[in-house]
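Data first, discussion second: the structure below is written as structure tokens.
The values are calculated or read from the model by the stated rules, or taken from the named source; none is laboratory data. The structure presented is a predicted model; accordingly, all values stated were derived computationally and were not measured. FYI the Cβ positions are ideal-geometry reconstructions off the backbone, even for glycines, and counts take in every protein chain you see. Note: areas computed on protein heavy atoms with side chains; ligands, DNA, RNA excluded. Shrake-Rupley method; radii C 1.70, N 1.55, O 1.52, S 1.80 Å.
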Amino acid sequence: MRLILLGPPGAGKGTQAKILVEAYGIPQLSTGDILRAAIAAKTPLGVEAKAIVDRGDLVSDVIVNGIVSERLDAEDCKPGFILDGFPRTIAQAEALDRMLADKGIALDAVIEIKAEADELVKRVINRAKESGGARADDNEEVLRKRLGVYSEQTAPLVAYYTTKGLLKPVDGMAPVGEVTGAIKSALAG
């Protein structure tokens, strides 16, 4: 099973990814985690990325794509994977298509966890109250900015993957178990 999880910040992608990892026995590939691992392992791309991060700059698509490609070659990804946080743009999606074609593999589905912005803000504010504000991104201003970036850069992927027949939308505002059930039904159908 080779999946992409799409959805705005706070929609529950991380929660659902953990559940799907257990259910399908495939790894969750978070771009941030992959980048940190490549830096820690001092791979050639990791060394290049570290220099960029140390300057406070954003890592280019070329490096991110290369690091993701290397990670997809790992043994634990042979049975499948869940991409979370990648691709974020049409350019990254096109690069992923080329990357997967070169490896002779294809995506099975793109799960879009749909959620309304105002409801996400309420959810995150409640989470911040319950956790005592443990997460730095658990505030309305930061979330609204991230939702704007998502809407501008990542939301166009919905149309991109719809035209490829891969998009499977689910209601991310339902309780966690119902969202999981909807994802599993979408994958089975």
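Put +1 on the Cβ of each Lys and Arg and -1 on the Cβ of each Asp and Glu in the chain; which of 160, 58, 131 then has its Cα farthest toward the positive end of the dipole?
Positive-end residue among those listed: 131.
Residues of region 82-118 with the amide nitrogen closer than 12 Å to a label point 7 Å from the Cα of residue 155, along Cα-to-Cβ, please.
What the label zone holds, given the 12 Å backbone N cut-off, is 115-118.
Quick one: dipole size for the chain, taken about the Cα centre, charges +1 on Lys/Arg Cβ and -1 on Asp/Glu Cβ, in debye to the nearest 20.
In total the dipole reaches around 140 debye.
Taking θ = phi - 60°, what integer Hz values does the Karplus form 6.51 cos²θ - 1.76 cosθ + 1.60 yield along region 181-189, in sequence order, with x for Gly and Pro?
x, 5, 5, 4, 5, 4, 6, 6, x
Across the chain, how many lysine pairs, 8 or more apart or on two chains, come within less than 19 Å at their alpha-carbon atoms?
Eligible lysine pairs with Cα atoms under 19 Å apart amount to 19.
Could you work out what % of the accessible surface of region 33-129 is carbon and sulfur, using a 1.4 angstrom probe and leaving DNA, RNA and ligands out of the count?
Summing carbon and sulfur atoms, their accessible area is 55 percent of the total for region 33-129.
For the chain, what does the accessible surface come to per residue with a 1.4 Å probe? Please give it in Å².
52 Å²
Amide H to amide H, which residues 5 or more places from residue 167 or on other chains are under 5 Å from it, using H placed in the peptide plane?
Amide H neighbours of residue 167, under 5 Å, 5+ apart: 110, 162.
Can you pull the one-decimal nm distance between simple spin-label points at residue 142 and residue 40, each 7 Å off the Cα toward Cβ?
Result for the modelled spin labels: 2.2 nm.
Residues with amide H under 5 Å of residue 2's amide H, sequence separation 5 or more or different chain, H placed in the peptide plane at 1.01 Å from N; which?
Here the answer is 81, 108, 109, since their amide H atoms fall under 5 Å of that of residue 2.
Through the Karplus equation 6.51 cos²θ - 1.76 cosθ + 1.60, θ set to phi - 60°, convert the phi angles of region 38-44 into ³J(HN,Hα) values in whole Hz; use x for Gly and Pro.
Once θ is set to phi - 60°, the couplings for region 38-44 become 5, 5, 4, 7, 6, 5, x Hz.
Could you run the Karplus curve 6.51 cos²θ - 1.76 cosθ + 1.60 with θ = phi - 60° over region 63-74 and give me ³J(HN,Hα) per residue in whole Hz, x for Gly and Pro?
In residue order, the calculated couplings are 6, 4, 4, x, 5, 5, 4, 4, 5, 5, 7, 5 Hz.
Rounded to the nearest 0.05, what FRET efficiency is calculated for residue 24 and residue 94 with R0 set to 25 Å and r the Cβ-Cβ distance?
0.45
Could you list log10 I(q)/I(0) for the chain at q = 0.17, 0.18 Å⁻¹, which the Debye formula gives when each Cα is one point scatterer?
-1.24, -1.36
Rounded to the nearest 0.05, what FRET efficiency do residue 173 and residue 108 give with R0 = 22 Å and r taken as the Cβ-Cβ distance? Could you check?
Efficiency at R0 = 22 Å is approximately 0.35.
Using a 10 Å cut-off on Cβ atoms, rank the peptides 64-74, 50-60, 172-182 from the highest mean neighbour count down.
Packing proxy ranking, top to bottom: 64-74, 172-182, 50-60.
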